[in-house]
Amino acid sequence: MKTMQAVAIRKAGGPEVLEIQHLSIPEPRPGQVLIQVKALGLNRSELFTRQGHSPSVSFPIVPGIEAVGLVEMAPGGEESGC
């Protein structure tokens, strides 16, 4: 099984709750893409979530919705909107 390094948050708190972990690489479904992340940023929404201000979010989570990288896999191709 291939793994990746990811920042994970297991509980609400300050910056000290950000942990680098080895996780299984997810398998993208049609209409999704798998990217090899080269850089990412944590935005204000993720800051509030990390601090515990997002009651609909349950931990653990892997933040980083603002990312750039190389497309590794895109099942479904152009027909799925990738």
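At a glance:
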{"item": "Pairs where the first residue, in region 16-38, is under 13 Å from Q5 (Cβ atoms) and the second is assigned to a loop (DSSP other than H, G, I, E, B), C-beta under 6 Å, 6+ apart", "result": "S24/M1; I25/K2"}
{"item": "Region 38-58: number of residues that are surrounded by fewer than 14 Cβ atoms within 10 Å (Cβ to Cβ) and in contact with a strand residue (DSSP E or B) (Cβ under 8 Å, 6 or more places away or on another chain)", "result": "4"}
{"item": "Candidates I61, I65 - the one that is within 12 Å of the chain's Cα centre (by Cα), surrounded by 14 or more Cβ atoms within 10 Å (Cβ to Cβ) and of a type in the set (A, V, I, L, M, F, W, C)", "result": "I61"}
{"item": "Some residue of region 26-35 being surrounded by 11 or more Cβ atoms within 10 Å (Cβ to Cβ) and of a type in the set (D, E, K, R)", "result": "no"}
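Here, each number is a calculation from the coordinates, and none is a lab measurement. Predicted model, so just to flag it, every value in this text is computed and none were measured. Backbone-built Cβ (ideal geometry, glycine too); neighbour counts: all protein chains shown.
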